[in-house]
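S.K.: Here it is, the structure in full.
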Number of protein chains: 2
Amino acid sequence: MIIALASINPTVGKINYNFKKIKENVNKAIHRRADLIIFPELSICGYPPLDLLDKKTFIDECIEVLNDVAKLSEKISIVVGGITRDTDMIGTNNFNSAIFCEKGKIKSIHNKTLLPNYDVFDEVRYFEPSKNIFLSQIGGKKIGISICEDAWNDKDFWMHRKYENDPAEFIVKQKPDFLINISASPFSIGKEKIRTEMFSQIAKKNNLPIIFVNQVGANTDLIFDGGCKVYDSNGNLIIASNRFDEQLVFFDTEKKYDILDYNPADDIEDIFNALVLGIRDYCSKSRFDKIVLGLSGGIDSALVAALAASAIKPKNVLCVLMPSQYSSEGSVKDSQKLINNLGVNGTSIPINMLFNEYKTSLKNEFAGTNEDIAEENLQSRIRGNLLMALSNKFGYLLLATGNKSEFATGYATLYGDMCGGLAPISDLYKTTVYKLARFMNKESEIIPEEIIQKIPSAELKPNQTDQDTLPPYEILDKILYQYIEESKEEEEIIKSGFERELVRKTLKMVDRAEYKRKQAAPGLKVTNKAFGTGRRFPIVQGWR
Amino acid sequence: MIIALASINPTVGKINYNFKKIKENVNKAIHRRADLIIFPELSICGYPPLDLLDKKTFIDECIEVLNDVAKLSEKISIVVGGITRDTDMIGTNNFNSAIFCEKGKIKSIHNKTLLPNYDVFDEVRYFEPSKNIFLSQIGGKKIGISICEDAWNDKDFWMHRKYENDPAEFIVKQKPDFLINISASPFSIGKEKIRTEMFSQIAKKNNLPIIFVNQVGANTDLIFDGGCKVYDSNGNLIIASNRFDEQLVFFDTEKKYDILDYNPADDIEDIFNALVLGIRDYCSKSRFDKIVLGLSGGIDSALVAALAASAIKPKNVLCVLMPSQYSSEGSVKDSQKLINNLGVNGTSIPINMLFNEYKTSLKNEFAGTNEDIAEENLQSRIRGNLLMALSNKFGYLLLATGNKSEFATGYATLYGDMCGGLAPISDLYKTTVYKLARFMNKESEIIPEEIIQKIPSAELKPNQTDQDTLPPYEILDKILYQYIEESKEEEEIIKSGFERELVRKTLKMVDRAEYKRKQAAPGLKVTNKAFGTGRRFPIVQGWR
C-alpha cells in the first residue's frame, strides 16, 4: 500500500481555497498510484478557526466542502481533517474530526477526544469530545486514526498528564496495523525534538508504525512548522519531510526503509524559518505585498528589516529613518549600510521639527515640569504616526520592531514603536535577537557589525542606554525566561542565583506592563509562552 | 436561623485586601447574631483571576487565607468562595470551591461542577470539575451548595443546554432544606431579568428556597452587578438587595416575609450604573485618581466625560479640546458648556500647527497624492499623542471615547481616538449612546442639547459626517446587533428587512476591522457579546 502524506498550508476560513489545495494533492497522489492520502487536522477550514465556528453558515460550508472532498475519493482513499456536527443539541454541536473517505463517500468519522484548552488553545470552547473510538479498515489493514492532542497524553512519556484518558492507548488496544495522527501542532522552540521523541517512544512501546501529518504555514500569531513523518514499529524514523513548507511525500508500506539519522535543525535556524514563514504568510493571507518599518539604527529594527527582506521581495520593503536630535551619527550611517546590504528601499523623515512643535503645543500644560518619559514617548509616537501615515496612504503592512525583553518589561512606547499590524520578533528575547542576527550573518554580513556591536539605546534623550533602566540583557533575559516561560516565582528565581532587588524590580516591571501588551500588535509565537492569546493576565489586579 | 448574605467587591489578586473585607462582614454579621454568612464565588482571590492561577505561590496564598477565613468561623458559620487543590496530578490541580467553615475549621468543600468556557469564560483552562456532590448540615438543616454555572443548566428552563449534567438537579434529589448559589455572574443587559426568572423557576419546581449571593464590582472589562436574593419555596422573591454596590443583608429562616414586587431597573439605568461602577473601579483598583479625555464636541466624548464626572470627583477630570481647521465653531462652544455643566477641568490645545508640520514632514513621500484617510488619521493620532503626553506627564487615566458602532465598523483611528487605558462605552451602540445621554439629562441638562442634536461627524475633513461612510445609525445598529450579538449571517439579516448591499458592506466592515479591535483598549462589557476577550475572531482569515 502506498500512502501519501500531504502537509498543506490552508488559510483559516478560506474554505474553497483550501479545497483546491486538497484537490491538487489528491490528483498528484492518484498520479503516483497512492492508495491513501492523509491531510492535517482541520485542513478544510484551517487551524485555528476560533469564533468562526460560532457561525452556522461557516459550519454548513465546511460540511459541504467535506462532501466534495469525499467525492474525490473514488480512486484513492482520503483521511482529511474537518468539522462534523454533533446532533444532541447539548453544548457546541461541533466535532473536530478526521474523516475517512473511500469510494466517493464518507466511510467513517473519527472525532478528537482530548480538546486542548491551555496556552493558545481554546478547543473546549468550540468542540465536543469524541464519544467513541474505533478502528477503520483499508486494503485489509486496520488503521487507528487520532487527532493531534489525542496522542499527547502517554502516561509513560509525561510526568504530569493533562487528561485522565489516553485515546491513543485505547486505539492501540484494538490492535491496529498502524496509527495515523493528523495535527495542527504549532511551532515553538524545542518542540520538534519533543514531538519526535514522543512519537518514537509511542511507536516503539506499542510495536506500531505511526504516520504523522502536520499543518504548515502561519495564521496570524501561530506558526505551524508542518512536516510529514513515518515511524516504524521499532520507533525509528524512516520518513521525515522538510518543515516550514508544503510537502507531499509517499510511504510504501511494503518497502524496506533505512533508518533516518534525524536531527532537527538548531533552535536559531528553526526560529529564522518560522519568522520568515510567519511574516510571509501574514502578508499573503492578508493581501499585503509591501512592508514598511522604522529603522532606528539598533539591532531589533535591523533584524526585522532583514527578516522582512527574506520573507517578501526586498524591493517591496520600505525602511524609514526618523532621526531626532538624540540620534547618534552612527545610527543613520549604519542604517544606510543595512538598506544597501538588503536591497530594500530607504527614506528619511527627521522628527526634530515635529517634536519641537509638540513641545510648543504643550508649553502651557507642561509649564514648570522637567522633561521626562512624556517627552520620550512623544518622539516614539511621532514616529508611529509617520509610519502609520505611510501605511494608510500606500497600503504598507507596518511591522513593529520590539523584542520580548522590551514587551516584558514595558520598555516600549504604546502607540509609538509598538505600532504595527504584526510584531515579528516580540517573542524573541534580546539575547536571542543577537543570536539570530549572527545566524543571518553566517555566510556574509547582512546586518552590519556596527549595529550588532552598538550599545543598545532607545535614543530618546541624551546619552541614554537601555541599561539605564533595565538590567544587562544577559541577566534580564534569564530572569524573564524563568518568570514567563517556567512560571517561576520571585523566591525560586532568587534562589537560582539573582539578587533579590533585581528580581523584584524585574517582575514588577513585567506585571505593570500588562496594559501595554494587551494593546500590542499580534506577535509571532516561537517560545512555549508568548505574550498574546496564550498568556492571559488581568490588567487590573492587586497580586504583588 | 439567621443567614447573612454578603455581596462584596474584591480586587482580583489582592488577597489580603479581600480577606479584610470578608473579616469586616463576618464581624458585622456576628454582631447581628447571624448563624451563617455567605460570600460570593472566589471571594478570596476575586473573579476572574485568569492566569494568576498558574502561579503556585498565588494558590498557596489563596489557601493560606482560606484557612484564616475558617478561623473566623468560631462564632458563625461561613460559606466562602475560594481555590482548593486537587491532588491527582492530572490536569490543572485547582478547584473553584465553595468552602463551608464551622467552629474555626473547614467542614466541607463543594467544588464547581460546570465550568463555563464560552464568551469571556475560560474556566476549563483553570479548574478541574467537581468529582462528587453532597449536602452539608447546619443547625439541623441540610444545605445544598452550588457555584454560579452549576445552577444554569436546568432542562426545563433552557431550550439549548450547554452541559449534559445538571448539578443543581443532583443536589435537589438529595432533599436539602435550601439551596445556596454563590456567584461571580457578570452584568449584561437583560441578564438580571433572566437570572431572577431562572432562580424563581428552579425554586418553585423543586419547592426549595434558594439563596443567591453575587460578586459586585468591576475587574478590568467585566462589571459584576452583585445583589443578594432569597426565593421562597414557591419561587417568590422575598429578599432582593440593591445591586452595583456592596451589600450585607440578613435572612431569618423562621420569619414570614412579604412577597416582593421585584422589577429590575430599566436597561438604560442599569447601563448607567454599570458604567459608572466600571470606571470607578478601574480607577481605584489601578490607583488612578485622575482622568483625562479628549472632547470633540460630539456625543460620545460628551457622554464619557459625564460618566467620568459621575464615577470620580469632577475636579479630577480633565477634558481637552483639540480643535483643528475642520472643527465647527459649535464643537468648541458646546464642549465649553458641557465642561461648565459637569464642573470638570477643561483646556484647549489646537492641532493645526502640528497637522501642518506633519504634512510638511511627509511632503516628499506624499507628493502627487490626494488628501485621504491618511491625513484624517494623522489628525486623530496627533490628538492621541497629545492626550497620552498629558497622561504620561501627570498620571491621568486616558479614556477612549469610541462606541460599539464605531469599533464594529472600524470607524475609529487605531492609535488615535482609540488610545486609552479604558474604553467605557465601546460596548454601547450609537443609538444606545443617545439613550444614555437622554437618561442622564432626565433631571436637568447635563449634556447640552446642542451636542445631542448635532449631526454626528468625525470632523477630520471639510463638511464630513459619519453617514458619508456609514449607514444611518438606526439601521446600522440593528444590522450590527443581529450580526454580533445574535450571530446571524448575511442571508438571515437581509431577510429581516435590510438591503443586500447594505448588509454585505456592513458585515465586511466588521470583519475587516478585527485587527483594530485586537489592539483596542479594554472596554466595559454591557451586552451579551462585547468586543474583547469574549469574541475571538482570527485576524488573518479568508471567510467572506
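S.K.: Helix B:191-206: angle to the longest alpha-carbon principal axis of chain B, degrees 0 to 90, nearest 10?
M.R.: So the helix axis and the longest Cα principal axis differ by about 20 degrees.
S.K.: Taking the Cα centre of each part, how many Å lie between region B:303-357 and region A:219-248?
M.R.: Their Cα centres are 58 Å away from one another.
S.K.: Against the 2.2 N^0.38 Å scaling, with N counting residues, where does region A:295-359 land? I'd like the Cα-based Rg ratio to two decimal places.
M.R.: Details: Rg = 12.6 Å, N = 65, 2.2 N^0.38 = 10.7 Å.
Dividing the Cα Rg of region A:295-359 by 2.2 N^0.38 Å gives 1.17.
S.K.: Rounded to the nearest 5, what is the percent of antiparallel bridges among the DSSP beta bridges in chain A? Kindly include the intermediate steps, with their values, before the conclusion.
M.R.: On the way: 35 of 64 bridges.
Among the beta bridges of chain A, antiparallel pairing accounts for roughly 55 percent.
S.K.: Tell me, what % of the accessible area of the protein assembly as shown is carbon and sulfur with a 1.4 angstrom probe?
M.R.: Exposed carbon and sulfur together represent 49 percent of the surface.
S.K.: Does region A:234-304 come out rounded, prolate or oblate by the C-alpha gyration tensor, with a ≥ b ≥ c the root eigenvalues, rounded set by a/c under 1.5 and, if not, prolate when a/b is larger than b/c and oblate if not? Spell out each step's value before the answer.
M.R.: On the way: a/c = 6.65, a/b = 2.18, b/c = 3.04.
It comes out oblate by the Cα gyration axes.
S.K.: Specify which residue in the list B:LEU470, A:VAL317, B:LEU524 is farthest towards the positive end of the charge dipole of the protein assembly as shown, using unit charges on the beta carbon of Lys, Arg (+1) and Asp, Glu (-1), about the Cα centre.
M.R.: B:LEU524
S.K.: Report the antiparallel proportion of the DSSP beta bridges in the protein assembly as shown as a percent, rounded to a multiple of 5. Let's see the in-between values first.
M.R.: Numbers: 70 of 130 bridges.
For the protein assembly as shown, the DSSP antiparallel bridge percentage is about 55.
S.K.: Using a/c under 1.5 as the rounded threshold, could you call region A:95-228 rounded, prolate or oblate? The axes a ≥ b ≥ c are square roots of the C-alpha gyration tensor eigenvalues, and prolate needs a/b larger than b/c, oblate otherwise.
M.R.: Working: a/c = 1.43, a/b = 1.23, b/c = 1.17.
Rounded, because the longest to shortest axis ratio a/c is under 1.5.
S.K.: Rg and Dmax of chain A over Cα atoms: what are they, in angstrom?
M.R.: According to the Cα coordinates of chain A, Rg and Dmax are 25.4, 86 Å.
S.K.: Using alpha carbons only, what's the Rg to Rh ratio of region B:306-442 with Rh from Kirkwood?
M.R.: That ratio equals 0.99.
S.K.: Using only Cα atoms, find the angle between the long axis of helix B:500-512 and the longest principal axis of chain B, and express it within 0 to 90 degrees, rounded to the nearest 10.
M.R.: With both axes taken from Cα atoms, the answer is about 80 degrees.
S.K.: Two decimals is fine: what is log10 I(q)/I(0) at q = 0.20, 0.26, 0.30, 0.34 Å⁻¹ for region B:352-394, from a Debye sum with one equal scatterer on every Cα and no solvent?
M.R.: -0.66, -0.92, -1.07, -1.18
S.K.: Where does each of A:THR360, B:THR113 land when they are ordered by accessible area, with a 1.4 Å probe and the largest first? Mind showing how you got there, number by number?
M.R.: Values: A:THR360 80, B:THR113 30 Å².
The ranking, largest first, comes out as A:THR360, B:THR113.
S.K.: Also, quick follow-up: Of all trypsin sites (Lys or Arg not before Pro) in region A:43-118, which ones are in loop regions per DSSP and have a Cβ with at most 12 other Cβ atoms within 10 Å? Write out the running numbers ahead of the final one.
M.R.: On the way: sites: A:LYS55, A:LYS56, A:LYS71, A:LYS75, A:ARG85, A:LYS103, A:LYS105, A:LYS107, A:LYS112; in loops: A:LYS55, A:LYS75, A:LYS103, A:LYS112.
Of the trypsin sites (Lys or Arg not before Pro), the ones in loops of region A:43-118 whose Cβ has at most 12 other Cβ atoms within 10 Å are A:LYS103.
S.K.: Using the crude model of +1 on Lys and Arg Cβ and -1 on Asp and Glu Cβ, and no other charge, please compute the dipole size for region B:97-157 relative to its Cα centre, in debye to 20.
M.R.: Working: 9 positive and 9 negative charges, 115 e Å.
Here the size comes out at about 560 debye.
S.K.: Tell me, what is the 1.4 Å probe accessible area of B:GLU450, in Å² to the nearest 10?
M.R.: 80
S.K.: Return P(r) of region B:406-468 (all Cα-Cα pairs; 5 Å bins starting at 0; whole %; ordered from short to long distances).
M.R.: Whole-percent P(r) values from 0 Å outward: 4, 14, 20, 24, 22, 13, 4, 0.
S.K.: B:ARG32: accessible area at probe 1.4 Å, nearest 10 Å²?
M.R.: Approximately 140 Å² of B:ARG32 is accessible to the 1.4 Å probe.
S.K.: Can you give me the accessible area per residue for region A:345-469, using a 1.4 Å probe, in Å²? Please list the in-between numbers first.
M.R.: Numbers: 4490 Å² over 125 residues.
On a per-residue basis, region A:345-469 sits at 36 Å².
S.K.: Give the interface area between chains A and B as buried accessible surface, both sides summed, probe 1.4 Å, in Å² to the nearest 100. Present the calculation step by step, with values, prior to reporting the outcome.
M.R.: On the way: alone 24570 and 24600 Å², together 41320 Å².
Looking at A and B, the buried total is near 7900 Å².
S.K.: Just the C-alpha atoms of region A:1-44: what Rg/Rh do they give, with Rh taken as the Kirkwood radius?
M.R.: Details: Rg = 10.6 Å, Rh = 10.7 Å.
Radius of gyration relative to Kirkwood radius: 0.99.
S.K.: Within 9 Å, Cβ to Cβ, of B:THR401, how many net charges do the neighbouring residues add up to if Lys/Arg are +1 and Asp/Glu are -1? Don't skip to the answer; put the middle values down first.
M.R.: On the way: positive: none; negative: B:ASP300, B:ASP417.
Summing Lys/Arg as +1 and Asp/Glu as -1 gives -2.
S.K.: Then there's this: How long are the semi-axes of the ellipsoid equivalent to region B:149-282, from square roots of 5 times the Cα gyration tensor eigenvalues, in whole Å, largest first?
M.R.: Numbers: eigenvalues 128, 67, 34 Å².
Its equivalent ellipsoid spans semi-axes of 25, 18, 13 Å.
S.K.: Using the C-alpha gyration tensor of region B:1-128, what are the square roots of 5 times its eigenvalues, in whole angstrom, with the largest one first? The partial results should precede the final answer.
M.R.: Working: eigenvalues 126, 41, 36 Å².
Those come to 25, 14, 13 Å.
S.K.: Sticking with this one: I need two numbers for the protein assembly as shown: Rg to one decimal and Dmax as a whole number, Cα atoms only, in Å.
M.R.: When restricted to the Cα atoms of the protein assembly as shown, Rg and Dmax are 29.8, 88 Å.
S.K.: Computed on alpha carbon atoms, what radius of gyration and Dmax characterise region B:358-431, expressed in Å?
M.R.: Cα only, region B:358-431: 14.6, 43 Å (Rg, Dmax).
S.K.: Shortest first and in nm with one decimal, please list how far the B:GLU445 label point sits from its counterparts in the other copies (point 7 Å along Cα→Cβ).
M.R.: Values, ascending and in nm: 7.2.
S.K.: Using Stokes-Einstein with the Kirkwood hydrodynamic radius over Cα pairs, what translational diffusion coefficient do you get for region A:396-544 at 25 °C and a viscosity of 0.890 mPa s, in µm²/s rounded to a whole number? Don't jump to the answer; show the numbers that get you there.
M.R.: Working: Rh = 16.2 Å.
This corresponds to a translational diffusion coefficient of 151 µm²/s.
S.K.: With viscosity set to 1.002 mPa s at 20 °C, what whole-number translational diffusion coefficient in µm²/s follows for region A:82-174 from Stokes-Einstein and a Kirkwood radius over Cα pairs? Show your work: numbers first, answer last.
M.R.: On the way: Rh = 14.3 Å.
Roughly 150 µm²/s, to the nearest whole number.
S.K.: What number of lysine-lysine pairs in region B:184-336 show an alpha-carbon separation below 17 angstrom, given a sequence spacing of 8 or more or placement on distinct chains?
M.R.: Step by step, the pairs that qualify in region B:184-336 add up to 9.
S.K.: OK, next. List the trypsin sites (Lys or Arg not before Pro) within region A:415-487 that fall in a DSSP loop (any state other than H, G, I, E or B) and whose Cβ has at most 10 other Cβ atoms within 10 Å. Before the final figure, lay out each step's value.
M.R.: Numbers: sites: A:LYS430, A:LYS435, A:ARG438, A:LYS442, A:LYS454, A:LYS478; in loops: A:LYS442, A:LYS454.
Hits after loop and neighbour filter: A:LYS442.
The values are calculated or read from the model by the stated rules, or taken from the named source; none is laboratory data. Bear in mind that the values here come from a model prediction, so they are computed numbers and not experimental data. In this analysis, Cβ positions are derived from the backbone assuming ideal geometry, glycine residues included, and neighbour counts consider all displayed protein chains. Keep in mind that these areas ignore ligands, DNA and RNA; they rest on the heavy atoms of the full protein, side chains included. Shrake-Rupley method; radii C 1.70, N 1.55, O 1.52, S 1.80 Å.
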